[in-house]
1. For the condition of a type in the set (Asp, Glu), under 23 Å from Ala220 (Cα atoms) and out of contact with any strand residue (DSSP E or B) (no Cβ under 8 Å at 6 or more places or on another chain), what is the one hit in Asp106, Asp51, Asp28?
2. Of all the residues that make up the stretch 210-231, how many are without any contact (Cβ under 8 Å) to a residue 60 or more places away in the chain and outside any helix (DSSP H, G or I)?
3. Name every residue in the stretch 99-128 that is within 17 Å of Thr200 (Cβ to Cβ) and either touching a Pro at 6+ places or on another chain (Cβ under 7 Å) or outside any helix (DSSP H, G or I) (or both), in order of residue number.
4. Which one of these does Arg90 not meet: (1) among the charged types (D, E, K, R); (2) under 18 Å from the mean Cα position of the chain (by Cα); (3) farther than 18 Å from Gly164 by Cβ?
5. Filter the stretch 133-176 for residues that are in contact (Cβ under 8 Å) with a residue 40 or more places away in the chain and in a strand (DSSP E or B); which is farthest from the chain's Cα centre (by Cα)?
6. Filter the stretch 131-159 down to the residues that are of a type in the set (Phe, Trp, Tyr) and more than 19 Å from Met206 (Cα to Cα), then identify the one that is surrounded by the fewest Cβ atoms within 10 Å (Cβ to Cβ).
7. Residue under question is Ala118, and the condition is that it be touching a residue at least 40 places away in the same chain (Cβ under 8 Å) and crowded, with 20+ Cβ neighbours inside 10 Å; does it hold?
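Quick note: the coordinates plus some simple rules give every number you see, no bench work behind them. Remember, it's a predicted structure, so these values are computed and weren't measured experimentally. FYI the Cβ positions are ideal-geometry reconstructions off the backbone, even for glycines, and counts take in every protein chain you see.
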Amino acid sequence: MAIKDFYRQKIEYLKSEIGKSCGKSNRDPESVTLIAASKYADPSQIADVIDSGITDLGENRADEFEEKYKSLGSLAEKAKWHFIGHLQSRKAKTVVPLADYIHSIDSISTAEEVDKQAFKAAKVQKVLVEINISGEETKYGIKPEQAEYFIRSVNCLKNIRVCGLMVMAPLSNDEIVLRNIFHRARKLRDGLVLEHGLITVKELSMGMSNDFRIAIEEGATMVRIGSLIFL
């Protein structure tokens, strides 16, 4: 089997699973963006995935992101790039010119640096605010109760726009635990939109290879899939 056919089969399988999960929650499958998390993939693998129909790629490390983007040449421009790892302020100058979305804003200082670099790049950077729903000390993200104030503060910056929330669920096989985390994230997002008028906060980036089906059933609009595509 040709490698591109191998990837096409994986992608078609994932799209089918996304469709099934959307069916359980009466959602349109087009409302969910499949992001191929390419952290462990090399440029040739990423090229094959892009050629196989994936339009959204997710990278975790700024320097590796830049190297892969340059290695792909013009092919990199065929994809939308999501920076899904923790972003250090000093790396904003690397990430902002390349990323369509940054999923991991969790401090005003980082947001301000992203805004500065977006101004230099003559763009309005789309970002998601990372929320630590589970309260785990080892996870990045702001507390849910801080979300409204934080988003309003970030929205005061002229070259950055908050488009949604990002959540990292605990590493668990307990469906009840996972569903509770994702449900709380959706309720938070809905409250920000409907009760607080933050109408641009539409996206909900949550769910990975082990739990994306549950995440979709609970309202995810972006799922970050790595091992089910690249391994």
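1. Numbers: Asp106 fails: out of contact with any strand residue (DSSP E or B) (no Cβ under 8 Å at 6 or more places or on another chain); Asp51 fails: under 23 Å from Ala220 (Cα atoms).
Going through Asp106, Asp51, Asp28 in turn, just one is of a type in the set (Asp, Glu), under 23 Å from Ala220 (Cα atoms) and out of contact with any strand residue (DSSP E or B) (no Cβ under 8 Å at 6 or more places or on another chain): Asp28.
2. 2
3. Of the residues in the stretch 99-128, the ones within 17 Å of Thr200 (Cβ to Cβ) are 100-103, 105, 111, 114-115, 118, 123-128.
Selection gives Asp100, Tyr101, Ile102, His103, Ile105, Lys123, Val124, Gln125, Lys126, Val127, Leu128.
4. Of the numbered conditions (1) among the charged types (D, E, K, R); (2) under 18 Å from the mean Cα position of the chain (by Cα); (3) farther than 18 Å from Gly164 by Cβ, the odd one out for Arg90 is (2).
5. So, considering only residues that are in contact (Cβ under 8 Å) with a residue 40 or more places away in the chain and in a strand (DSSP E or B), the one farthest from the chain's Cα centre (by Cα) is Ile160.
6. Tyr149
7. Numbers: touching a residue at least 40 places away in the same chain (Cβ under 8 Å): yes; crowded, with 20+ Cβ neighbours inside 10 Å: yes.
Yes; evaluated as a whole, the condition is true for this residue.
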